[in-house]
Amino acid sequence: MRKIALFFLVLFIIFPYTRPRYGGNLKVELPISGNPVFWDNLIKDSLIYVNLFYLNAGGKVGSFIFSRWWNEENKWYFQLREGLLYGDGTPVLPRDVANSINSFINGNEPGALALKRAIVSIGVKPPDQVIIETSAQKNLPLLLSTPYLFLKKEDKSSGPFLSSGVDTYKANPFFAGGRPFLDSVTLVYPPQIPDLSFTQGISPKPVSSFKYMVYLLVSPRKWRKLSRRAIFSLLSAIPWEKKADSYLPSQLSQFSVDFPVLRLRKVRGLIRRKIIISVSPVLSMLIPEIEKISSLARVKVEVKLSEDPLDDLFSGRCNAALFPSQAVFVGSEGEELVGMINQYRLSNFYPYLTKLSTKLTVLMGKDERKLQSSISSTYEYIASREFFFPLAMATQPVYLNESFLWGGVDFYGRPLLWRIRRALRLPHEGKTSSSTQNN
């Protein structure tokens, strides 16, 4: 009898620690990239919208929107989950899903081109089916799993949280994946990326990280006024361990990264112009490095933060700009190249890139051999003009306050904020701050 009583006593003590920990506010610190497909905007969209499909950390396809899907010849049938609701309690209709896909494939987000090439038509069969015809046998759920494809309808929230003010979000009780553990999320945009390793309440060990390419774009219109040797000296002096050349096709890296190291005594007298570099806040942590390198290389450099470095470049307020890659998550190499040309408006400098971009789009999904040849020739064209330079791979850590438990990431490395929960602690373990910071 005593053993039974002791068993129930222990169960009573540990039971609260096995239950879902609902409640708490998560403060997410994000830099402003100025890039509509970069990390900060993707995280924001992921709060209020749900993806049609997702890939879990193991790469398995799943969906909160569809209960099942199947393929018959070149037609895919998707059946909506029963009782699927938006955040305001109104039902999700098959037409909403079809409209979301149509809107996506006619946009410029990563994954849109590959999906548009595969889809012939999109239809609905009330009350709960979406029917998509493809041009050939395609793994359509995999193509639909790009993290940029959301269920979107005007003034409706399909994601884990509901907007409740400027950059504040509350839990969506009707979220198809289940109510988030958190009560709310607040987004804050610090002016620069801080080093959180010594901040009180923050674990010095990051819970996750993501990587992206860093590019330097120089206005070709400024070459007569701006010494090319100044740019090449700056690039050659970069000591960063993870330069971009090991991550790039040889056609681009051999022109853009492997500059000969110039002897300073031959260069000092030739450098007369100042390099004015406009930098997005997301890359502000690189400013001290750039200033240090330019000083050692005897190159005059002025670095300034800007919400829109690309506009600064086109308007003449700077003669060079630093950018993150066009997206954190990319599709094929061809799609990344087309997205890069469009995102950074490279054809404004060299109109011939419009023709090359169109050619790439036409060849994708049709002739792989010709596509690879066209990709190589486009890289060579960009590199030979010497105005767009890949510099390095940047790694951005994600930190979590120790009073919360990490919710994991998906296949793309995107944090699952709706799965983060409060950490219950025994009294002797002390108290911790109730806020969380992610960068």
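Within region 215-226, residues that are over 12 Å from Leu346 (Cα atoms) sit with their Cβ atoms under 9 Å from residues that are modelled with pLDDT under 70 and open to solvent by 40 Å² or more (accessible area, probe 1.4 Å), at 6+ positions apart or across chains, in these pairs: Lys222/Arg273; Lys225/Arg273; Leu226/Arg273. Please verify whether Val124 is touching a Ser or Thr at 6+ places or on another chain (Cβ under 9 Å) and among the β-branched types (Val, Ile, Thr), treating the condition exactly as stated. Spelling it out, it is not the case that Val124 is touching a Ser or Thr at 6+ places or on another chain (Cβ under 9 Å) and among the β-branched types (Val, Ile, Thr).
The criterion of at least 1 residues that are of a type in the set (Ser, Thr, Tyr) and modelled with pLDDT of 80 or more is met by the following helices (runs of 4 or more DSSP H) wholly inside region 331-439: 352-363, 368-385. Consider Ser278 carefully, then state whether it is surrounded by fewer than 21 Cβ atoms within 10 Å (Cβ to Cβ), modelled with pLDDT of 80 or more and small (Gly, Ala, Ser). Criteria not met by Ser278.
Within region 164-183, how many residues are among the hydroxyl-bearing types (Ser, Thr, Tyr) and open to solvent by 30 Å² or more (accessible area, probe 1.4 Å)?
Looking only at that region, the number is 2.
Looking at Phe104, Phe78, which is the one that is outside any helix (DSSP H, G or I), buried (at least 20 other Cβ atoms within 10 Å of the Cβ) and of a type in the set (Phe, Trp, Tyr)?
Phe78
Looking at Ser33, Ser63, Ser67, just one residue is modelled with pLDDT of 95 or more, among the small types (Gly, Ala, Ser) and under 22 Å from the mean Cα position of the chain (by Cα), and that residue is Ser63.
Considering region 148-163, and only residues there that are among the aliphatic types (A, V, I, L, M) and part of a loop (DSSP other than H, G, I, E, B), the residue that is surrounded by the most Cβ atoms within 10 Å (Cβ to Cβ) turns out to be Leu149. Among the residues making up region 392-421, those that are out of contact with any helix residue (DSSP H, G or I) (no Cβ under 7 Å at 6 or more places or on another chain) and hydroxyl-bearing (Ser, Thr, Tyr) are Thr395, Ser403, Tyr412.
Of the residues making up region 107-127, those that are assigned to a loop (DSSP other than H, G, I, E, B) and either touching a residue at least 60 places away in the same chain (Cβ under 8 Å) or out of contact with any Phe, Trp or Tyr (no Cβ under 9 Å at 6 or more places or on another chain) (or both) are Asn108, Glu109, Pro110, Gly111, Pro126, Pro127.
Among the residues making up region 59-75, those that are assigned to a loop (DSSP other than H, G, I, E, B) and closer than 24 Å to Ala136 by Cα are Gly59, Lys60, Ser63, Glu73, Asn74. The residue that is most open to solvent (accessible area, probe 1.4 Å), among those in region 85-95 that are over 20 Å from Asn74 (Cβ atoms) and without any contact (Cβ under 8 Å) to a residue 60 or more places away in the chain, is Arg95.
Number of residues in region 128-142 that are more than 17 Å from Gln79 (Cα to Cα) and part of a helix (DSSP H, G or I): the value is 0. Mind listing whichever residues of region 356-391 are open to solvent by less than 10 Å² (accessible area, probe 1.4 Å) and under 30 Å from Ala230 (Cα atoms)? Answer for region 356-391, where residues must be open to solvent by less than 10 Å² (accessible area, probe 1.4 Å) and under 30 Å from Ala230 (Cα atoms): Ile375, Thr378, Ile382, Ala383, Phe387, Phe388, Phe389, Pro390.
The values are calculated or read from the model by the stated rules, or taken from the named source; none is laboratory data. Because the structure is predicted, anything quoted here is derived from the model rather than measured. All Cβ positions, even for glycine, are placed from backbone atoms using ideal geometry, and neighbour counts span all protein chains on display. When the accessible area is computed, the model is the full protein with side chains, heavy atoms only, and any ligands, DNA or RNA have been set aside. Shrake-Rupley method; radii C 1.70, N 1.55, O 1.52, S 1.80 Å.
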